1. Taking only the range 214-235 into account, find how many residues are outside any loop (DSSP other than H, G, I, E, B) and more than 23 Å from Ser168 (Cα to Cα).
2. State all residues of the range 139-167 that are surrounded by fewer than 19 Cβ atoms within 10 Å (Cβ to Cβ) and either closer than 18 Å to Thr196 by Cα or among the hydrophobic types (A, V, I, L, M, F, W, C) (or both); if no residue qualifies, say none.
3. How many residues, within the range 215-238, are surrounded by fewer than 19 Cβ atoms within 10 Å (Cβ to Cβ) and either at pLDDT below 95 or in the same structural domain as Thr110 (by TED's automatic domain parsing) (or both)?
4. Can we say Phe69 is touching a His at 6+ places or on another chain (Cβ under 9 Å) and buried (at least 20 other Cβ atoms within 10 Å of the Cβ)?
5. Of everything in the range 236-268, what is in a loop (DSSP other than H, G, I, E, B) and closer than 14 Å to Ala189 by Cβ? Give them in sequence order.
6. When both residues are 6+ apart or on different chains and their Cβ atoms are under 9 Å apart, which pairs have a first residue that lies in the range 44-70 and is at positive phi, and a second that is assigned to a loop (DSSP other than H, G, I, E, B)?
7. Being assigned to a loop (DSSP other than H, G, I, E, B), at pLDDT 90 or above and loosely packed, with under 13 Cβ neighbours inside 10 Å is true for just one of Thr2, Thr76, Thr15, Thr82. Which residue is that?
Amino acid sequence: MTTGPSSTIGPPLPTTSTIPIGSTQPPSGCPEDDGFVDGGRVLRLDQPTSDTNTLGLISWMAVEGCEQFTFRFETTEGAPATTPPTIVTDFSESRQVLRVWTAADSSVVTDQLVETPLVDRMFVVRGLAGGMYIDLHLEGPAQARAEVSNSPAHLTVHLEPGIDPFDSTAVYGPNVVVTGPGAGAEAAAGIPFEVTGYARTVEASVLIVATIGGQLVAETSATAADSAETWGEFSTPIQLPPGEVSLFVGEPGPAEGEPIGVTIDLTVR
């Protein structure tokens, strides 16, 4: 992960944010132009100076065929900021996640079930290379456009249904979200690849264990960028032998207890 931005769904995660309930009223100003994209870069705003310190409340409104998400920014004192920070909005490579990276230092939001027709849930994550990002995990293919406003500073993202299916989906656990590799993915034997995602584990430590037929074939660990205030990004390489691999990502459980995390089935050729 750079300071610019560039998955099988489990039980609902606990709600620990102050995001208001999404409205079912029609979004105001839902655009009718052709500025929507269904992959890659959606928006980049380079801001040399800003009074933004904190990602504030996130709200959304939805009607059939159109959803509007509003991200508000605050100063160090908690007042509405007048100038937004640097913002980069991209679709992930799989197009299942729309990522909004910002230069904010803190957030009043951690995660939230959204459950609109287009967005399943969202996470706020401290990045390894600085800043924070909000990942909107999509319920189905979507296309997006984004615009930024001043005084007060906020970002507005509009979503409409897309066409092309996801290439892969994130894997969710109570303490970890793995954005890559996705469930059922394939990997090349003998070539390192990155295990990526975000976690809220004890001391921000993430354990990665690979087994084939119950036998250990690889083990490594990573340190997430946060765990106390919000989710923390992690990324670490791993190299696997050929076979049907079970990849556990998470943390050890309590004494004599089961590990806590997710297990991803991979085919390594």
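The values are calculated or read from the model by the stated rules, or taken from the named source; none is laboratory data. This one's a predicted model, so the numbers in the text were calculated from it and none came from an experiment. Here the Cβ is made from the backbone with ideal geometry for all residues, glycine too, and neighbour counts use every protein chain on show.
1. Matching residues across the range 214-235 total 8.
2. Residues satisfying the conditions are Val148, Ile163, Phe166, Asp167.
3. 2
4. yes
5. Answer for the range 236-268, where residues must be in a loop (DSSP other than H, G, I, E, B) and closer than 14 Å to Ala189 by Cβ: Gln239, Leu240, Pro241, Pro242.
6. Listed pairs, sorted by first residue: Gly65/Cys30; Gly65/Pro117.
7. On inspection, the qualifying residue turns out to be Thr76.
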